[in-house]
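The values are calculated or read from the model by the stated rules, or taken from the named source; none is laboratory data. Not measured: the values here are computed from a predicted model. All Cβ positions, even for glycine, are placed from backbone atoms using ideal geometry, and neighbour counts span all protein chains on display. Only protein heavy atoms, including side chains, enter the accessible area calculation; ligands, DNA and RNA are left aside. Shrake-Rupley method; radii C 1.70, N 1.55, O 1.52, S 1.80 Å.
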Amino acid sequence: MNAAPIDKLAAFWNQRYAAEEFAYGIQPNDFLVSVMPQFVPGGSLLCLADGEGRNGVWLARQGFSVTSIDIAERGLDKASTLATRYGVSIQTRHADLATCDLGVEAWDAIVSIFLHLPKRVRQDLHRRCVAALRPGGLMVFEAYGTGQAGRGTGGPPEPQLLAAIDDLEQEFPGCQSLHRFVGLREVHEGRHHDGLGEVVQILAQKPGR
């Protein structure tokens, strides 16, 4: 991606997060809540495209060390404010996920919730995520699936940004699949994710030493 589309993308998300209200609410994602007990207690977690921090802050409240990364500075500012409201702290990092360095064996879990990217960008990001996970680390992914197009209950309007489960399962090389799901579920996360939608979910584990 060159600078112009990235600037446009950042402007879009900064505008979405400009209002005082939280665009996707302040409650954590249901799928994330369901898999959190499998995380290493007190582990280091990376939340991709964490926006206004609803997931990262909730994880910090559970005792994890959290870094939230996003392209929108306004989102990260609100994430820090939300953390202060709950008496916890998170690290925030302003970066473009298409190009940023995620580290090597740096995280006990990486969380990607409703992050929709072009297929090639997503594939490269997921390859870097596997490298960035510590042995035994977990990758948590939920997004809208290809059947979400036209539903009007959330997700991007561009069908090419919707993920297919068969593609996703190939994008975490060497990892064990602990959970896979594609199907309909009610999603109620602020006014932008509201209603019955088709989602894809992956929980994958990097082999331990």
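Among the criteria (1) closer than 19 Å to M36 by Cβ; (2) touching a helix residue (DSSP H, G or I) at 6+ places or on another chain (Cβ under 6 Å), the one C129 does not fulfil is (2).
Would you mind stating whether A143 is open to solvent by less than 70 Å² (accessible area, probe 1.4 Å), free of Cβ contacts under 8 Å to residues at least 60 places away in the same chain and in a helix (DSSP H, G or I)? Considered against the rule, which asks whether it is open to solvent by less than 70 Å² (accessible area, probe 1.4 Å), free of Cβ contacts under 8 Å to residues at least 60 places away in the same chain and in a helix (DSSP H, G or I), A143 comes out as no.
Residues in segment 98-129 that are of a type in the set (A, V, I, L, M) and open to solvent by less than 20 Å² (accessible area, probe 1.4 Å): L102, A109, I110, V111, I113, L125. Could you please let me know if F22 is assigned to a helix (DSSP H, G or I), among the aromatic types (F, W, Y) and either open to solvent by less than 60 Å² (accessible area, probe 1.4 Å) or at pLDDT below 95 (or both)? So F22 does not fit the description; no.
Across segment 178-209, which residue is nearest to F22 (Cα to Cα) among those that are of a type in the set (G, A, S) and under 18 Å from the mean Cα position of the chain (by Cα)? Step through it out loud before you land on a result.
Step one: of segment 178-209, the residues of a type in the set (G, A, S) are 183, 190, 195, 197, 204, 208.
Then drop every residue that is not under 18 Å from the mean Cα position of the chain (by Cα), which leaves 190, 197, 204.
Values: G190: 7, G197: 20, A204: 29 Å.
Going through the qualifying residues, I end up with G190.
Sort out for me the strands (runs of 3 or more DSSP E) sitting completely within segment 30-119 that have 1 or more residues that are without any contact (Cβ under 8 Å) to a residue 60 or more places away in the chain.
Working: elements: 44-48, 65-70, 91-94, 107-113.
Answer list for segment 30-119: 65-70, 91-94.
Every condition in (1) over 14 Å from I110 (Cα atoms); (2) under 16 Å from the mean Cα position of the chain (by Cα) holds for G63 except the one numbered (2).
For segment 130-140, a residue qualifies if it is open to solvent by 40 Å² or more (accessible area, probe 1.4 Å) and in a helix (DSSP H, G or I), and exactly one does: A131.
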